Every structure is written in C-alpha cells, then in structure tokens.
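Notes follow the structure.
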Amino acid sequence: MLERIVKAYNEAVFETDKEAAFEVVEAALAGGLTAEDIVFKVVIPAVEEMMSNITKDPDANLAQHFMTAQIAAEVTEKMLLSFKQPPEIIGKVVMGTAHGDLHSLGKRIVMGCLKALMVDVVDLGVNVPAERFVDVAQAENAQVIAISAMMVHTATGENGASKVRRILHERGLEDRIKLVVGGAPYRFDDGLYQTVGADAWAADGVNAGRIIVDLIRGIKKS
Amino acid sequence: MSVLLVSSATGLHRLPASDGQSVRDLLDTTALRVRAACGGSGTCGACSVRLIAGEVSPPTVAEYLKLTPEERAAGQRLACQLRIQGDVHIELEHPAPPSAWKSIVPENLAEITACRPELSAHRYGLAVDLGTTHIRLALWDRRAGKRIATRRGANPQGSFGADVLNRLEAARAHPEHAAELAASAREAIMHAVRDILARDIGEVTPMLAEIGEVLIVGNTAMLALLTGQGGDALLDPAYWQKKVDFQPADRSAWQQPWHLPNARIVLPGPVAGFVGSDLVADLVATGLVDGPPGSLLLDVGTNTEIALWDGACLHVTSVPGGPAFEGVGIRHGMPAEPGAIYRVSRSDAGYACATLAGETARGFCGSGLTDAIAVLLADGRLKPSGRFVVSPGPEGYALDPANPATAITGIDVDAFQRAKAAIAAAMEVLLRQAGMGWGELRRLCICGAFGHTLDVGRAQSLGLLPPIAAQDVELHADASLAGGERALLSPNGAQRFAALTDTIKAINLSLIADYDEAYINHLRLRPIAVAPSP
Ligand code: B12
Ligand code: FES
C-alpha cells in the first residue's frame, strides 16, 4: 500500500497538482498511515526524489519546484500537529531577502523545502539589513544564513551578501556560520556567489535544501 | 488585404496593404521610406517611385505638374498620390536616407476629434510617449484639430541596458552617464520632430517656433532619467509607494537645444514610485472610469500596468512580468518585428505559423508565443504543469520541423508561466482589494502593441487573460500616446490627468501577503476559474 501512496503522491507533485496531492494524503490517513509515516516515508522521500530527478532533468520547471516545496511544507506543517513527539531537527537556518529586495517567492520555496527536510527556519522576511542576518544567526545559534536576491543590484550591492560576509569575518564567526545565496542573478552567472563572498549557492529550491543540509552536517561534524 | 511588392537595392519586400492607402503612407510605416518634403500634398515632387505593375489610382493633377511626360511614360509616379487598389509592384530607386523613425501604422492610432480654436499663436503641439524600448510621438495642429504626423523609434537609452534597473544604476553610479541618458532621450525626441517637419511640412526652423507645447508621458524610471533626477529614489523600496514627481530643473535648458522657444514643457505627474504617467494616459485614452464597475485595463510592457475601476475607486498596480512577451529569456523570442511569428494555427501537415510582414519565421513575438503554447496544450503535447508529454530535448518542439526558429523549449514554457502568473496574480490581487471576483468583470481594455495581434481566446485558455466575453474586450494599441494627445488637445488636459491621479489607489504588490500564493496558483496552464477553488 505504501508503495502505491508514494507513487500517487509523487505523481501529483510532479504534475504540480496540489489538490490531488492532498487527496492522496487524506486517503493515506484514512487508510491508517500515521502522520509520522506520511512525513518520513512519503513527503521527505518525494523531496529527495525530486532532488535527484531535477539534477538529471533539464525540463523541470518552476511550477514543479514550487509545488514540491509548497505541498511538502503544507503537508508537513499539517502533519506535525498530530506527531506523537516533536521530530528531531537537523539544524537551524536564518533566512531573508537581501537589503532593498522585496521579492519573497524564492525564499518561500527554499523555506518550504527546508521545513519538509526537518530544518528549523527563522524567517526574517524581506529587505533585511546585513547586521540583522548576523545578529539573529548568532542569537539563535543557527548554522546557516540564507539570502535570496532577485535583482542584480541587490545580489551584488554593498549592503547585501558581501556585507554579511564582512561582518561574519569581523566577528570571527566564519567557522560557525555558513553563508548561502540564491535567486535569479546567481542563475545567470554561476560564479557570482563567490564574488559576493558566499560559501555556496543553488539554482533551485530543491537543491537549496540539499546544499543547506550538507553545510549544517559539515558544521555539526567539525 | 492587398500586397505591395517593393523592389529596392536591399531586395524584394512584401508588405500587406489596405486598398485606398497611398504608397507613401504605407512605406512611411516601414524602413523603406520615400524621399519627401511636403505632407503628401503632391507639391514637393520628391517622392517618385516607378510603377512596375498592379491596380492603382490614375495619375493626379499634381503628378502631371511635377513629372515630365518622359518620366510618366517610364512609369514614374508620386508615391503620395499613388493609391493601392489591389496587388501592386513598384521599384524604389531613390529611397530616403535610413532613419530611426517610422510612422505609426494608422490602425494603431486613436481617432481623436478635438481642437483648440482659442489658440491664436503657437498652434502646434507635440505629444510624446516615452517608453523603455520605444519612443512614440505625434505632432498636432491643435487649432485645427489635425494630427500632422506620428513617429515611432527606438529609445537610444537602450545602449545602457534593456531594462530600467541597469539604466537607473548607470545614472546613479556615474553623473556623466546620468547626463548622457537624459540628453540622448531629449535628442531623440527632437530628431523625430525635425523628421516630421522636414517630411510632412517641408519647413523646419520657422515651424519650430510655432510649437506651443510638448507633453511627455512615461513610466517613472523614464521620467527620472529624462529629467536627470531622482533615479536613486526609485531603487529604494522606501520611496516605492510615495508620490514622486519629476520636472525639468530648468525648462529653458530644454527649450534652447530643442530650438523650441515657445513650447511649454508639460510632464504630468506619475502616480507613485512604481506607476508612471503612461498609465494615467491609458486611463484617459480608454475612458476606463466612464465604463461599468468591473472595468479592467491591462498594459503589457516591460512593466505591466494594471488598473481596475470598481465604480467608485481606481485600483492600480504594476508588475514586472512583461519581458518574456517581448522575447526576453525565450530561446527564439523576438519583438514584434518582420519575421516574428504572431499567430499559430493547425494545418493538414501540422502547424502553420503566420509571421509579421510575411517573412520567413525568425522567432516568436508575445502573441505567437501565447498561441504556440495554447495549441500545444490543446493538442495534448503540453500538460497543464507546463511540461511536455514527450520531452522534445533541449532544442525544443519545432512547429515547423524544417525551421528550427519555430521551436518552443521547456524553458520557454517555464518563462511564459512565470510571466503570466505574475500578471494574473496581480489582477487577482486588485480584484480582491476591490472586493470583487473574476465573474464581475464587465470590460477589459488591452493597451499597447501586445494586444494587437493577440488571440484573446487562446490567451484565456492559458489563464493569461481573465474569462470575459469577446465582445467586452477592447484593444487600444497606442493608448499611452492617445492619452497624451487628448491632454494636448484639451485646455484643461493637465488638470484631468491630475484629477484622475488623485483618485487612484496604488497598490504595491510586495506588501500584499497573499500575492505569493496567487502567483503559485497561476503558474498552471489553465483558464482562470470564475469562482476560484478554495
Ligand atoms: C514576481 C515578481 C515581482 C513581484 C514580487 C512579489 C513577491 N512577493 O515576491 C513584484 C511585483 C512585487 C516585483 C517588484 C519589482 N520587481 Co520583480 N519580478 C517578479 C518576476 C515576475 C518573478 C520573480 C520571482 O519571484 N520568480 C520566482 C523565483 C522563485 O524563481 P527562481 O529565481 O527560479 O527561484 C529559484 C532559485 O533562484 C532558488 N533560490 C531563490 N532564492 C534562493 C535563496 C537561496 C539561499 C538559495 C540557495 C536558492 C534560492 O530557488 C528558487 C526556487 O526554485 C521577475 C521576472 C521573471 N519572470 O522572473 C521580476 C524581476 C525579478 N523584477 C524585476 C524588477 C525590476 C522589479 C521592480 C524594480 C519593478 C519596478 N519597476 O517597480 C520591483 C522591485 C521591488 C523590490 N524592491 O524588490 C526585474 C529585475 C531585473 C534586474 N536587472 O535585476 C525582473 C527580473 C523582471 C525584469 N526583467 O524586469 N517583482
Ligand atoms: S510630392 Fe509626394 S511627398 Fe511631396
């Protein structure tokens, strides 16, 4: 039965059909699956499958990324309410859009993926000053600062990621807090993340989840 | 529809023509202009062409006066007198020197009956629509209520970048760039005016002094760059929703280089940091507030501007969802120029692509892209998710297998989905702000060149346009220019603009929490549901 549910769910996500995905989840609950099973055996494997598919599939489109993240986050959020005990959290990320940038959609997708992967996300919203990213990451003991920027001048500007890098350096936090960036300008120039002093970037939400989880694991190991 | 074939040094050109149109008027809308030094009255004799064959009007008196019997025997005619009455073939031996300026095609011009009989001096007036990509303008004899001529040409600021942010950034970073950006737009306007005076009146310098008003509308970035001020404010979200105004610091510094000593320079104020006076001009041209509640206006450009009239209030916003419809980010995307596929239909062999000027297909303009995706979806080759049923590979699905420029790729479909979702979600937010639903729309005005070749039904099938009966959809091609012209021709035009601007409720989409949600829902390729599912 689980196999059939996983297949139906993956298909709905792949087809970006949110209504169908929720129907699968409802039917699975009615059929006796627990909330934990749905998250760990259906949703997380689906996100992981999307990750490996998307890297191989040049045709994957924004709607699919959105839906993977959106559906995964919505299902997870709903299921968490009926978890018997709080799940184990992989780590913590502080996320926001760059100073001057009000484009929130990229952040939303990336946060959706992270939540579904059991990463705790502190959402700083949009138009976030560089100091604030670092202050909150320090206070919250986060391992990663993630900055989304959709415009060239907010991705490369002096008040965005490069300033966060400078502050991390000045406060001696570079071993404890990693900096990840993403958004349209980084997709057009895949070396841009280095120019602004980031440790990593990702071209889409699903890969963002993977890269951030890897970075968290790396920090926790050392 | 007839065809005008033109043999010239650059080859054989095929132009769609309407019967009754003069050869000069038709050629003036293309890069193949005849020489001219009168408004087409047959008095300058500069516009001669050789008639090779075809159904045309008989020679006029002017032609008997201006052409010798030998010239007439050799087939010479005056292009301004020669009217098309069927398929015609001419030879253009002495074209005008190449120019950046063309006449606006007559179908795109609004019919305006207004005049200013009270004006005794400086009766001429110029209306300008300063667009990011194109500049459009019209010179009027305001006293007589006569449009003398129009021109359309590229905005020379494009050399600093196609999108407004690059230009604002250039102006912010280097004061000398700011000055150059401002000067290049002003020079372009003056070139166009001189082109009109030289070709359509035949006298330049004395006429310049007769121009009594120059009225310019545009988006906020264009107005900021033109006046050389305030550009950085537009890059800062803090100024976004504030009222901004851009006026020349020193009007005489414009009048002098323009050689327009008597021209009042009028720049109606924009609505807010992100909605320009071009939208107000659209509102004036369409008379949106004179229509029923539930009237929606859509001006698809680099920035798409949207207005909703709910009977009491005008809700307005702008969304940068347009570039894909101008070919940006589309593998074989291009602006609406000769060779652009503007329509796709089914044929026995597969698909037939109609192109502008009937040339070999070079790529898709906005309406062609919309049509192509709609037929691929209807034929089950594309799924509502935007994916191909059978992946065509990175080269895409070629509608005409013999021509790779007719291919649509998966990435193109994605870019289309993003653009149409951005626009549809913006319309939905406006409706919500007004407490209305999709089903309450009564009138849709599509402004700008985009609507001109668009198949409305196909656009609706993809969820790019709202569900509304075909008879309630109006196309207003050069609406921003028409609004400027109306202001120029009315003694209280500027006040009308200001009064409209004051009734507008401008909505900044980045402050609307559920815009995101709506965007995601509108990514799917499907008609907009009248009662959206909860
Ligand atoms: C929607 C939209 C808006 C909406 C935003 C609504 C919202 N709440 O987000 C509104 C209408 C508010 C808006 C406003 C403006 N916008 Co805008 N906008 C867009 C649009 C249409 C889509 C952008 C988007 O959200 N895409 C969806 C994202 C999620 O897709 P994505 O990049 O593929 O995201 C993936 C990856 O990048 C990655 N990712 C994203 N973030 C991160 C972060 C990390 C850490 C990682 C690892 C990965 C990652 O994962 C994502 C999911 O797979 C684009 C044009 C387009 N068609 O793309 C213009 C665009 C981005 N906007 C643009 C402009 C110019 C503006 C305005 C200045 C317009 C104006 N004149 O007023 C304002 C500026 C507002 C501001 N100060 O921020 C330009 C930018 C041009 C440039 N040179 O940089 C664009 C490109 C349009 C254009 N060509 O003109 N905009
Ligand atoms: S005679 Fe034809 S334009 Fe002057």
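The figures follow:
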quantity	calculated
Computed label-point distance, nm, for sites B:GLU176 and B:ARG442 using a 7 Å Cα→Cβ extension	5.8
Rel. contact order, % - alpha carbon contacts under 8 angstrom, at least six apart, chain A	19
Counting DSSP beta bridges with both ends in the stretch B:1-141, the antiparallel % (nearest 5)	85
Within chain B: Cβ-based charge dipole about Cα centre, in debye rounded to nearest 20 (Lys, Arg +1; Asp, Glu -1)	320
Shape call, the protein assembly as shown: gyration tensor on alpha carbons, a/c limit 1.5	prolate
Mean Cβ neighbour count within 10 Å, used as a protection proxy, ranking B:73-82, B:32-41 highest first	B:73-82, B:32-41
³J(HN,Hα), Karplus 6.51/-1.76/1.60, whole Hz, each residue of the stretch B:187-195, x for Gly, Pro	5, 4, 4, 5, 4, 5, 5, 5, 4
With Cα atoms, 0 to 90° folded angle of helix A:205-221 axis to chain A main axis	70
The protein assembly as shown: calculated mean residue ellipticity at 222 nm from DSSP helix runs of at least 4, using -39500 (n - 2.57)	-11000 deg cm²/dmol
Cysteines without a disulfide-compatible partner [chain B; Cβ-Cβ under 4.7 Å]	B:CYS47, B:CYS80, B:CYS115, B:CYS313, B:CYS353, B:CYS365, B:CYS445, B:CYS447
Least to most buried among A:LYS115, A:LYS220, B:LYS505 (fewest other Cβ within 10 Å first)	A:LYS220, B:LYS505, A:LYS115
Long-range HN-HN contacts of B:ILE408 with modeled amide H, under 5 Å	B:TYR397, B:ALA398, B:LEU399
Interchain or long-range residues, amide H under 5 Å from B:SER57's placed H	B:ARG83, B:GLN85
The stretch B:358-514 - Rg and Dmax from Cα coordinates, angstrom	19.2, 61
Whole-Hz ³J(HN,Hα) from phi, Karplus 6.51 cos²θ - 1.76 cosθ + 1.60, for the stretch B:221-228, glycine and proline x	5, 5, 5, 5, 5, 5, 8, x
Over 19 Å between alpha carbons, listed pairs A:LYS163/B:LYS242; A:LYS107/A:LYS178; A:LYS92/A:LYS221; A:LYS178/A:LYS221; A:LYS41/A:LYS221; A:LYS163/A:LYS221	A:LYS163/B:LYS242; A:LYS41/A:LYS221; A:LYS163/A:LYS221
Per-residue ³J(HN,Hα) for the stretch B:165-174, Karplus 6.51 cos²θ - 1.76 cosθ + 1.60, θ = phi - 60°, Hz, x for Gly and Pro	4, 4, 5, 4, 5, 4, 5, 5, 6, 9
Lys, Arg +1 and Asp, Glu -1 on Cβ, resulting dipole of the protein assembly as shown about Cα centre, debye, nearest 20	720
Options B:PRO268, B:LEU283, B:TRP309, ranked by Cα towards positive dipole end of the stretch B:232-313, top entry (Cβ charges)	B:PRO268
Pairwise centroid distance, computed over Cα atoms, of the stretch B:140-159 with the stretch B:425-466, Å	30
Highest to lowest packing among B:254-263, A:143-152, scored as the average C-beta count within 10 Å	A:143-152, B:254-263
Shielding score for B:466-477, defined as the mean number of other chain Cβ atoms within 10 Å	0
Principal-axis tilt of helix A:130-140 within chain A, Cα atoms, nearest 10 degrees	60
Options A:ILE219, A:GLY125, A:LEU173, ranked by Cα towards positive dipole end of chain A, top entry (Cβ charges)	A:LEU173
Nonlocal amide H pairs with A:VAL122, under 5 Å, H built at 1.01 Å	A:VAL93, A:VAL94, A:MET95
Gyration tensor verdict on chain B (Cα atoms; rounded if a/c is under 1.5, prolate if a/b is larger than b/c, oblate otherwise)	oblate
Cβ-placed point charges (K, R +1; D, E -1), dipole of the stretch B:55-180 about Cα centre in debye, nearest 20	580
Residue mean of other protein chain beta carbons inside 10 Å, A:63-70	5
Rounded, prolate or oblate (a/c below 1.5 giving rounded, otherwise prolate when a/b exceeds b/c) for the stretch B:93-245 by Cα gyration tensor	prolate
Between the stretch B:68-85 and the stretch B:470-489, the alpha-carbon center distance in angstrom	37
Inter-centroid distance (Cα atoms) of the stretch B:331-358 relative to the stretch B:208-267, Å	39
Residue-averaged beta-carbon neighbours from other chains (10 angstrom radius) around A:8-21	2
Residue order, fewest to most surrounding Cβ atoms within 10 angstrom, among B:ASP379, B:ASP400	B:ASP379, B:ASP400
Burial ordering of B:LEU431, B:LEU27, B:LEU399, fewest other beta-carbon atoms within 10 Å first	B:LEU431, B:LEU399, B:LEU27
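A short reminder: the numbers here are calculations on the coordinates, not readings from a lab. From a predicted model like this one, the values you see are computed outputs, not experimental measurements. Cβ atoms come from the backbone with ideal geometry, glycine included; neighbour counts cover every protein chain shown.
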